[in-house]
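Here's the structure, in structure tokens; my notes come after.
Readers should treat all values here as calculations from the given coordinates under stated rules, not as data from a laboratory. In this text the structure is predicted, and so the values were computed from the model without any measurement. Virtual Cβ from ideal backbone geometry, glycine too; neighbours counted across all protein chains shown.
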């Protein structure tokens, strides 16, 4: 996290005074809802991997919070750090050659400093994960029934019979035909969609309060994907469970997440309530991502707006904005100075010096206003609610 | 009668490729796998035909059967007037230089131990085309055409490239033999969206520049719509619907097409995904496919007739062909199927 110049874009607080930083932190921590609704609080989380080439900063200063029963969609391309972020929060990373900094507060407990036993007690019982690949995430030599009941027997100290009955009820709930027979089957006897339902049943078995779904439908066909997403949403609603839905597909989160966080090169680059994000995209990366997706309602053969280049090397990220080398709006400042995550009102955060759709460039520090020397962003957009985003967060 | 019909085919003399009643079956311990069951399609020169469907629908098998890898169980594949199913050995190999495949996984489809220079010149070496210097020249030109810098890339190996760049190398390899027909089997599904757009644009450019004809196989309907001039929707080894992309996506006539379109998550929060529209169940086994219409087990509009009688492809609107007894009419949201006088082979 320490760049040569000492401060980093992911540390906007470092730019302002430490009192401001503390205020910002406490404001995020005790915002609008009563504190008991707050389930998860991630503060300046950093995850680095030690490699032969140097430290890979896979997650670089990510902060967010999640309330009970809410859904956060984390969107990013491969290598953006979205999966590592989910695994860092849950503590599902190898011990060796991994360095984690920051805070992950789950109901007040810091997951990063908690003992292995404490964390293990949370897995399954309090937080669970549905993995991307249902083919390889289930144990091939254990019957489905055993895989579902294992957690209940361990965490909830259920006896075999009660656990078996609960597993049967769970399989029914996740929409598996002939549940009694399935309990005695092995994973290879089931289709991909069925296995993903089993994965969900395993994850739900102990009634977790927080569910991570890491690309839960990427390996599945579209019709099955829709079924699985609906199932996840229904379970979440019925159980008042919070969910972190990690995906590369903005379409998957658009209709289902309360809030969306877009990641690029290990950092959160834009975060907002879903409707706000889609209505007023501020971060050029998010805009470019949306434009590069072929739209179903566009006429055929319409030219796609590809993002040139490719994501930066996380061992030596660019000194300024990490998206600057690929950004069509980038100017000198973007290449030199890393932008902090700014709040533009309505809980909308973005990491950009020249946000899309805002006529006034972002001013953060006093001093010569170099930003005003250049024109506003090139894409004019209807009324931009936040006139002058100035507050640093994290 | 597997008869899915041939109503959608055009004049045989116009088509560059004409596939008739293609059947591909694989033996398995539990019985015969009916991967492709009597499908017909044709492609005019310069056209891009999109083949779309979920995994297991037989779209990749169709693509491979066209270049006789493996040879189909039955049916004809006429390419430029020659029936490929009748060819064997060297004649077939020679003809294959004009039909090239691009695979889904760009990294594993390139030999990791060879330099890009060798990967790209190999096809020409095999066919003894040109002198080494001429081959080198072709390699450079092709690399430039696919957006790779020959100077810096020629002597590197596949692992030194990203997925998108590897796909560019694969495309270049397919182009060096100057093919007429390019069969792209899920060429962008392993790539990130931002890179996917680059490759799709590249394919469009190359198609125009080299006068290519393309079969574009993909599961992503939006991608297929973007590149295709005509789209074929497949389900469990059969054709459901054939139409121009704009017509197909605006007014799907087959219930399966409609379901597929409705299942796609749209990046727009005002479009709420609704639970009712989702297709229930999963793809039946291709070892023992359902009688009559193969989609009937999951079709919300299925009736008695769908069990007993296999629907034939017929034209329901100009340029739109569907294999369904009760095709949907009018707008996409019309839930009531309208019965069309059917059954008459066209």
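Structure values in brief
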read-out	value
For peptides B:121-134, A:102-115, B:207-220, B:301-314, sequence by mean Cβ density within 10 Å, most packed first	B:207-220, B:301-314, A:102-115, B:121-134
222 nm mean residue ellipticity, helices alone, for chain B (DSSP H n ≥ 4; -39,500 (n - 2.57); rounded to 500)	-8500 deg cm²/dmol
Point-to-point label distance, residue A:50-residue A:139, nm (Cα→Cβ direction, 7 Å offset)	3.1
Pairwise label distance in nanometres, residue B:288 with residue A:313, each label 7 Å out on the Cα-Cβ vector	5.7
Gain on full stretching of the segment that runs from residue B:309 to residue B:247 - 0.36 nm per residue minus C-alpha separation	19.6 nm
Label zone at residue A:301, where the point sits 7 Å out along the Cα-to-Cβ direction: the stretch B:171-204 residues whose backbone N lies under 13 Å	B:204
Two-site label geometry, residue B:157 and residue B:91: point separation in nm, points 7 Å out along Cα→Cβ	4.1
Least to most buried among B:205, B:229, B:192 (fewest other Cβ within 10 Å first)	B:205, B:229, B:192
For the stretch B:101-242, diffusion coefficient by Stokes-Einstein and Kirkwood Rh (Cα), 10 °C, 1.306 mPa s, µm²/s	101
Theoretical gain in end-to-end length, residue A:121 to residue A:218 [0.36 nm per residue, Cα-Cα removed]	32.0 nm
Helix B:163-175 vs. chain B, principal-axis angle (Cα, 0 to 90°, nearest 10)	80
Nearest-0.05 FRET efficiency for residue A:186 and residue A:97, computed from C-beta distance (R0 41 Å)	0.75
Ranking of B:57, A:206 by count of other Cβ atoms within 10 Å, fewest first	A:206, B:57
